[in-house]
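Asks: Before I ask anything, let me first share the structure, which is written out below as structure tokens.
Rule-based calculations on the coordinates, nothing more; no lab input. Quick caveat, the model's predicted, so the values are computed rather than measured. For neighbour counting, all protein chains shown are included, and Cβ atoms are generated from backbone atoms with ideal geometry for every residue, glycine included.
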Amino acid sequence: MDFQPVGNKSQCRNIPVTYVCQQCNFSKFQPPVNHRGPPPPAGLVYKEPPPPNIDPQLWESFKTADTDNSGEITAEELRQVLINQGNNSQFNGETCRLMIGMFDNNNSGGIDVHEFVALWKYVNDWRASFDRYDKDKSGNIDASELQEAFKSYGYNLSPVFVNLCITVFDRDNTASINFDDFIQCSIMVKSLTDQFRGKDVQQRGVLKLHYEEVLGFIFLIFET
Ligand SMILES: [Ca+2]
Ligand SMILES: [Ca+2]
Ligand SMILES: [Ca+2]
């Protein structure tokens with residue numbers, strides 16, 4: 001078995017070296033060593049092993065996304081690795097900022113690998129939901145599919161409102177929405193519904209709001 005070190009010298013921070021077999025990708029970890037000595041042979045790079053309890057594949061995804069090797073992923077870095085499978089487009093920046101904000105537990109402005117694990121699970125859960133409601137397997141969600149999704153989340157919304165959601169989030173004039181906007185639209189509806197239900201104490205679905213309360217709801221959309 002032919003083990004080769006992977007990583008690069010500029011990334012070296014006295015970390016353990018991973019040697020990866022170039023034939024079968026089997027890896028073995030070496031004890032910490034100082035790599036400030038001779039550079040690796042031409043064409044080879046060093047590779048940082050995953051922290052304890054982090055799935056190696058997720059670690060690979062994290063390192064791929066963390067293009068500046070800062071140890072955190074920003075919204076822009078996240079955007080580079082999340083793809084809408086329907087039309088192979090990158091995620092829109094708003095959805096990425098929304099999700100970074102949700103999982104940036106220590107308010108550092110980015111997500112570290114532990115926060116990334118939670119975010120990745122969240123995206124996969126949304127992916128499963130998206131696939132479930134994309135009945136015609138078109139890779140996007142139309143009004144009738146979105147109506148079904150909202151219904152399953154417990155939101156009894158009219159076709160008029162659902163069509164409005166499609167119109168707002170339909171970025172490529174297909175009368176449907178992509179995966180990223182499905183996430184963003186669902187989060188916004190949930191967030192506003194939670195706020196509404198908090199004020200609708202009799203749960204009648206009707207509220208009388210003062211001017212500033214209306215403004216508060218609108219501002220919540222930008223905060224979400
Ligand atoms: Ca980064
Ligand atoms: Ca963080
Ligand atoms: Ca569809």
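Asks: For the range 50-223, take N as its residue count and report Rg(C-alpha) divided by 2.2 N^0.38 Å.
Replies: 1.14
Asks: Tell me the net charge near N106. Cut-off is 12 Å between Cβ atoms, N106 excluded, with +1 for each Lys or Arg and -1 for each Asp or Glu.
Replies: Value of the local net charge: -4.
Asks: Between K208 and D55, what's the calculated FRET efficiency when r is the beta-carbon distance and R0 is 35 Å? Round to 0.05.
Replies: Numbers: r = 51 Å, r/R0 = 1.44.
Approximately 0.10, to the nearest 0.05.
Asks: For the range 152-224 and the range 46-74, what is the separation of their Cα centres, given in Å?
Replies: With the range 152-224 and the range 46-74 each reduced to a Cα centre, they are spaced 35 Å.
Asks: Also: Give the calculated FRET efficiency between D68 and K190 to the nearest 0.05, with a Förster radius of 41 Å applied to their Cβ-Cβ distance.
Replies: 0.80
Asks: Of the peptides 183-194, 58-69, how do they stack up when ordered by the mean number of other Cβ atoms within 10 Å, highest first?
Replies: Highest to lowest by the protection proxy: 183-194, 58-69.
Asks: H114 to D172: FRET efficiency via 1/(1 + (r/R0)^6), r the Cβ-Cβ distance, R0 35 Å, to the nearest 0.05?
Replies: 0.50
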